[in-house]
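Novice: Below is one structure. I have some questions about it.
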Amino acid sequence: MLNENMKTIRKSKGLSQEELAVKLNVVRQTISKWEQGLSVPDADMLISISEVFETPVSVLLGETIPEAKTDDLKAISEKLEVINLQLAHRKKTRQKAIFWFFVLLCVGIVAIFAVLVGLNSPYLDWDYSQPETAVIGVAFHAFEWLFVRIAPLAFIGAIVGIYFQNQ
């Protein structure tokens, strides 16, 4: 029973006898003897085997584990296909959202530039002797100064983003 369970679990985990032997620090022949039922591992080694297999010792010592049937494999492959389709849909949705973000960023930058050009910096003619007017005028000037320097870089970045989203 132990030998059959070890072999079944090892194969289901996709491990060769050599790979399992390396993980357990034994030689491959030891694994082969265990799986043929010619010898059995001691208690400490059973615990190590269960840790490598991520399976309780009781399962190793229990009844025979049925091998995966083709129907089970088909069901798993169908589930994986559904998951892959969902992930592809999410990726496409995310790409569309990023694309439209870049487009809206470009439109916003152009619109703000148009407003700033249309206003022609009216705060420059204000009377700055009053503190409230001075603070608001400085804030407008700081915004305009930063926007004029940063917006072209953001605009170019958005154009590059749009280009790469369409690739």
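Novice: Computed over the Cα atoms, what is the radius of gyration of segment 73-165 divided by 2.2 N^0.38 Å, N being its residue count? Mind showing how you got there, number by number?
Specialist: Values: Rg = 23.1 Å, N = 93, 2.2 N^0.38 = 12.3 Å.
Cα Rg divided by the expected 2.2 N^0.38 Å: 1.88.
Novice: Using alpha carbon coordinates only, what is the Rg to Rh ratio of segment 1-133, with Rh defined as the Kirkwood radius?
Specialist: 1.57
Novice: If you don't mind, another one. Which helices count as membrane-span-like in the chain under these terms: full DSSP H, at least 27 Å along the axis by C-alpha, Kyte-Doolittle mean of 0.0 or more?
Specialist: Helices passing the filter in the chain: 70-119, 131-165.
Laboratory data are not the source of any read-out in this text; all were calculated from the coordinates shown. Here the structure is a predicted model, which is why all the values come from computation and not from measurement.
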